[in-house]
Amino acid sequence: MKNFESFLASQLDEFIAYRQNLGYSIKPIRPRLLCFDRYVKDQEIKPGLLPPSFFLNLRNSLKMEPMSINGVLSAVRVFFNFLVRTDYYTSNPLKDIPPVPEYSFAPFIFSSEQTEQLIKAVCNRIRKEPRHYLKDLSEYMAIALMARCGLRIKEPLRLQLNHYRCREKTIYIEKTKFNKDRLIPVPRSVAAELDNYLAVRNSLVDENQNPYLLVRNRQKGLNDSRLRFVFHRAVHDIGLDRPRQVIGHMIFASPTPHSLRHSFAVNTLKRTKERGDCPQHALPVLATYMGHRIYQYTAKYLKFIDADQRQGLFDFAISQKEDI
């Protein structure tokens with residue numbers, strides 16, 4: 001792990017230890033503080049109080065996208081709040097430093113038909129040889145759960161064997177992104193595939209050998225990087241490779257495993273609308289199903305009620321690129 005090297009190194013280490021003692025993860029904030037620490041060192045600043053103008057120069061020097069710049073500023077602002085509480089500073093020099101205007105973000109959305117094509121492409125890649133079959137089938141089930149139940153990529157990988165309740169046709173998802181547990185019903189088609197998968201698994205792996213629902217071999221669960229490879233290979237197989245593009249002040253995302261979660265939400269709202277119901281009324285239930293803390297986060301999907309709408313926005317941005 002890289003160490004802090006500026007004259008603020010001891011205070012930065014003290015702050016990180018303080019955050020850890022409170023139970024916070026340091027993974028998001030430490031790289032941002034290292035960026036700040038490197039800038040302080042490179043500027044050869046002598047020990048002392050830093051004025052607000054220093055942070056304006058820091059903001060202007062960062063060669064990043066606006067969201068990343070604001071992430072660094074936010075981390076540094078929290079650090080200086082800590083310095084105020086510990087009497088190193090009397091006031092936070094970043095309190096009046098405004099954030100950089102951020103780009104709008106358009107996630108990649110698979111249509112319902114494209115989602116099924118992708119799942120089929122993964123299925124077609126299942127190898128029939130005994131030493132590969134169970135692992136490939138597990139990877140297929142993980143992709144199917146992400147696509148048809150809106151799971152985050154880590155969630156199917158962490159599922160234990162007893163988390164799938166075959167009689168109830170539910171899955172118990174433990175300690176997810178916001179440290180929340182949730183119990184979700186699975187569609188009948190997914191439950192049928194899970195039951196078939198378990199019949200294969202039970203014939204090849206002893207229940208006491210591997211606690212994971214989706215297995216790589218007799219002792220281990222699936223691997224995150226391998227599942228990402230399987231996803232991107234399937235995207236390539238169905239001809240939906242797209243680069244990430246920034247056009248004007250809009251980011252058009254490339255397909256990622258998380259796109260399946262976005263697509264699940266958008267396509268669910270689209271089906272609700274097609275039934276003649278109001279998508280707005282479905283948001284609280286959908287938010288609970290997906291494990292969002294508040295349903296207003298889920299409301300963002302209303303901006304892209306289907307994949308065609310997102311594609312239309314992209315095509316328009318491309319047509320206007322020179323003007324932008």
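The values are calculated or read from the model by the stated rules, or taken from the named source; none is laboratory data. Computed from a prediction, not measured in an experiment: that's the story for all the values here. Virtual Cβ from ideal backbone geometry, glycine too; neighbours counted across all protein chains shown. Surface areas here come from the heavy atoms of the whole protein model, side chains and all, with no ligands, DNA or RNA. Shrake-Rupley method; radii C 1.70, N 1.55, O 1.52, S 1.80 Å.
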**Prompt:** Mind checking which residues of region 55-77 are assigned to a helix (DSSP H, G or I), surrounded by fewer than 17 Cβ atoms within 10 Å (Cβ to Cβ) and touching a residue at least 24 places away in the same chain (Cβ under 8 Å)?
**Reply:** LEU56, PRO66, MET67, SER74
**Residues satisfying the stated conditions in region 19-30, i.e. open to solvent by 80 Å² or more (accessible area, probe 1.4 Å) and part of a helix (DSSP H, G or I)** = GLN20, ASN21
**Request:** List every residue pair whose Cβ atoms sit under 7 Å apart, with the two residues 6 or more apart in sequence or on different chains, where the first one lies in region 143-172 and is on the phi > 0 side of the Ramachandran plot and without any contact (Cβ under 8 Å) to a residue 60 or more places away in the chain and the second, anywhere, is open to solvent by 10 Å² or more (accessible area, probe 1.4 Å) and part of a loop (DSSP other than H, G, I, E, B).
**Result:** LYS169/VAL186
**Fill in**
Filtering region 35-44 for residues that are more than 30 Å from PHE105 (Cα to Cα) and in a helix (DSSP H, G or I) leaves a count of 3
**Item:** Among residues of region 1-16, those that are assigned to a helix (DSSP H, G or I) and surrounded by 11 or more Cβ atoms within 10 Å (Cβ to Cβ), counted
**Value:** 7
**Asked** Which residue, of TYR88, TYR103, is in contact (Cβ under 8 Å) with a residue 60 or more places away in the chain, open to solvent by 50 Å² or more (accessible area, probe 1.4 Å), closer than 25 Å to LEU269 by Cβ and of a type outside the set (S, T, N, Q)?
**Response** TYR103
**Request:** Determine whether LEU240 is in contact with a Leu (Cβ under 8 Å, 6 or more places away or on another chain) and more than 18 Å from ILE119 (Cα to Cα).
**Result:** no
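For region 45-54, enumerate the residues that are out of contact with any Ser or Thr (no Cβ under 8 Å at 6 or more places or on another chain) and outside any helix (DSSP H, G or I).
Quick first cut of region 45-54, residues out of contact with any Ser or Thr (no Cβ under 8 Å at 6 or more places or on another chain) only: 46-54.
Within region 45-54, LYS46, PRO47, GLY48, LEU49, LEU50, PRO51 qualify.
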**Prompt:** What are the residues in region 144-177 that are open to solvent by 60 Å² or more (accessible area, probe 1.4 Å) and not polar (S, T, N, Q), if any?
**Reply:** LYS154, ARG158, ARG165, CYS166, ARG167, GLU168, LYS169, GLU174, LYS175, LYS177
